[in-house]
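Participant: Can you read through this structure? Questions will come right after.
The values are calculated or read from the model by the stated rules, or taken from the named source; none is laboratory data. Predicted model only: the values in this text are computed from it and were never measured. The area values use the complete protein model at the heavy-atom level, side chains included, leaving out ligands, DNA and RNA. Shrake-Rupley method; radii C 1.70, N 1.55, O 1.52, S 1.80 Å.
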Amino acid sequence: MNVRTNHGSIVEYLHAAEQRGERFDHRPDPAPVTEIPDPLIECDFCSAPEAAWVYRCADQRTDIHRITAQVVGVSDYRDRHRAARARRTDTEHAVTQAWGERWSTCGDCANLIEARDLFGLIRRVVDAMPPKLTQGKHLIRTRGHLYDTYSTMFATLASGRGRITPGHPLGIWPDDKPEERAP
């Protein structure tokens, strides 16, 4: 589940699939994953079902801004038939996307993370996205956002990974003691 905040207060919760434009028949109802019987855990990267691994990194947040004004030159506007380039763009803070510090992955995405193949991971994720996010000029923007998010994840990646198993949705980590594992 994804969380959007505005100046520290929660604006909305979204199913991960809603980020990709899919619809659900119910609103998200946040609960700790350890309290959900048999949770559906998708890959946080390519959205493949049944994630196999969990990685930890620094807590990540993405600030999303919206355009409030664009300034163009009058002659440029006239000469380019209303297709002028913006000389200045003013924005304001809209929401903050909270990604967290745990990332669930399928086996194929985990292989790319283990190999530290950032561009391979971005390629795999883009291939799994709906066309409306990857066609034309959207592809450049989407890859840029993924690069920003994933390069931070790679830079702060903790050593090791947890294996997701039934009854252990947060993963069993090699350095865990049995009594510390999530139920």
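Participant: Starting from 0.36 nm per residue, how many nanometres of slack lie between D38 and L157 once their C-alpha separation is accounted for?
Facilitator: On the way: separation 119, 0.36 × 119 = 42.84 nm, distance 2.72 nm.
So the extension gain works out to 40.1 nm.
Participant: Under 5 Å between amide hydrogens, which residues at least 5 positions from A51 or on another chain qualify, with H placed 1.01 Å from N in the peptide plane?
Facilitator: Here I41, E42, C43 satisfy the definition.
Participant: Can I ask one more? By how many nm would the segment from I172 to R23 grow when fully extended, if each residue of separation counts as 0.36 nm and the alpha-carbon distance is taken off?
Facilitator: Details: separation 149, 0.36 × 149 = 53.64 nm, distance 3.18 nm.
Fully extending the segment from I172 to R23 adds 50.5 nm.
Participant: Would you kindly find the accessible area of F119, with a 1.4 Å probe and non-protein molecules such as ligands, DNA and RNA excluded, rounding to the nearest 10 Å²?
Facilitator: 130
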